[in-house]
Amino acid sequence: QVQLVESGGGLVQPGGSLRLSCAASGSDLDTHAMAWFRQAPGKEREGLSCINRSDGSTYYDDSVKGRFTISRDNAKNTVYLQMNSLRPEDTAVYFCASDPDYYCDPGQAVAALDFHSWGQGTQVTVSS
């Protein structure tokens, strides 16, 4: 279990961009898989993207593929989500999560129950 802190959320116009950051306070050995989820009011938490420490491979949900890019800086134990071409339907609270053992299969959707550590969330609002 590690402490995760998200930052970078805010209000942006449709078509705009934001970069979210998630810093882990613990050892990077405890954060093999790091992922981004989001949850809009009245909807389930959905997995957006995941990245592996071991090989850098990634997973993207179809809803964000081609628009969002996940990356991580292992030395800083920080994961990023670059969000481009934002749409109003991207409005949600965005959470980062980590797990010491999970491996992100590029073709397999990520589920919240697979991750042990969670950040507090950061609000992203896309509106004109």
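The values are calculated or read from the model by the stated rules, or taken from the named source; none is laboratory data. In this text, all values refer to a predicted model and were calculated from it rather than measured experimentally. Glycine gets a Cβ as well: all are built from the backbone with ideal geometry, and neighbour counts include every protein chain shown. The protein model used for the area step is the full one, side chains on, heavy atoms only, and it has no ligands, DNA or RNA in it. Shrake-Rupley method; radii C 1.70, N 1.55, O 1.52, S 1.80 Å.
The length gained on full extension between Ser85 and Ala111, counted as 0.36 nm times the residue separation minus their Cα-Cα distance, comes to 6.9 nm.
Could you work out the relative contact order of the chain, using alpha carbon pairs under 8 angstrom and six or more residues apart, expressed as a whole percent? Value for the chain: 37 percent. Highest mean first, the peptides 110-123, 7-20 sorted by other C-beta atoms within 10 Å per residue fall in the order 110-123, 7-20. Separation of segment 55-128 from segment 1-39 is 7 Å, based on Cα centroids.
For segment 1-87, the solvent-accessible area with a 1.4 angstrom probe is 48 square angstrom per residue.
With a cut-off of 18 Å, note down the residues of segment 63-92 whose backbone N falls inside the zone around a label point 7 Å from the Cα of Ser57 toward its beta carbon. Correct set: 70-72. For the chain, the share of accessible area belonging to carbon and sulfur comes to 47 percent (1.4 Å probe, ligands and nucleic acids excluded).
The packing ranking of peptides 76-82, 41-47, highest mean first, is 76-82, 41-47, where packing means the average number of other beta carbon atoms within 10 angstrom of each residue. Tally Lys and Arg at +1 and Asp and Glu at -1 over the other residues with C-beta under 11 Å from the C-beta of Gln82: what net charge comes out? In short, +2.
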